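Down below is the structure, laid out as structure tokens.
The values are calculated or read from the model by the stated rules, or taken from the named source; none is laboratory data. Note that the coordinates shown come from a computational prediction; the quantities given were computed from them, not determined experimentally. We place every Cβ from the backbone using ideal geometry, glycine too, and count neighbours over all the protein chains shown. We work out accessible area using only protein heavy atoms, side chains counted, and drop any ligands, DNA or RNA first. Shrake-Rupley method; radii C 1.70, N 1.55, O 1.52, S 1.80 Å.
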Amino acid sequence: MGIKTEILQEGHGEQPRPNDFVSIRYKLMLLDGTLVGDTGGEDSDLGGEPFRFCMGCGSVIQGLEMAILELRVGSKARVMITPDLAYGTKGLYPFIPANAGLICELELVAASSS
């Protein structure tokens, strides 16, 4: 099990490390394409603003953190995440069923140590 990362656009900025703060834009979908999370437009989860969090602090699913550690700022990627590195056997009711694989399209906007 694990992740499969397809680089859509290579970034040339910093590469994040554990405990760095990163900002991403993303679309999170079930394998059938059902949208379950989005930072895109004004009507999205975050009103179009990037999502900022601490790497390794438990703020996001493990598969997403693993993928972000492979990227550089400015990168865009499509990541397939197996259920064991997503929400596992519990899911995230009512949005993500148990044992669901996910697709995340993301852009790494920023990474910094503070």
Practice problem: Over all alpha-carbon pairs of region 61-114, lay out the pair-distance distribution in 10 Å bins, whole %, shortest bin first. | Solution: 24, 46, 24, 6
Practice problem: State the percentage of accessible surface on region 3-114 attributable to carbon and sulfur atoms; use a 1.4 Å probe and exclude ligands, DNA and RNA. | Solution: 50
Quiz prompt | Solvent-accessible area per residue for region 47-105 (1.4 angstrom probe, square angstrom) | solution = 50
Quiz prompt | Difference of contour (0.36 nm per residue) and Cα-Cα distance, F21 to L35 | solution = 2.5 nm
Exercise. Determine the relative contact order of region 1-91: mean sequence separation of Cα pairs under 8 Å and six or more apart, normalised by residue count, in whole percent.
Key: 43
Quiz item: By residue number, which cysteines of the chain lack any other Cys whose Cβ falls under 4.7 Å from their Cβ?
Solution: C104
Quiz prompt | Cα centre as origin, Lys/Arg/Asp/Glu Cβ charges: the chain dipole, Debye | solution = 240
Exercise. Report the dimensions of the chain along its three principal axes from the alpha-carbon atoms, largest first, rounded to Å.
Key: 35, 33, 26
Self-check item: Nitroxide proxy distance, nm - points 7 Å out along Cα→Cβ at L69 and K4
Solution: 2.1
Quiz prompt | Within a Gaussian network of the chain (alpha carbon springs, distance under 10 Å), most fluctuating of F51, F95, F21 | solution = F95
Quiz item: Counting only protein chains, not ligands or nucleic acids, how are T89, T82 ordered by accessible area (probe 1.4 Å), most first?
Solution: T89, T82
Quiz item: With springs only between Cα atoms under 10 Å, which of P16, P94, P50 fluctuates most in a Gaussian network model of the chain?
Solution: P94
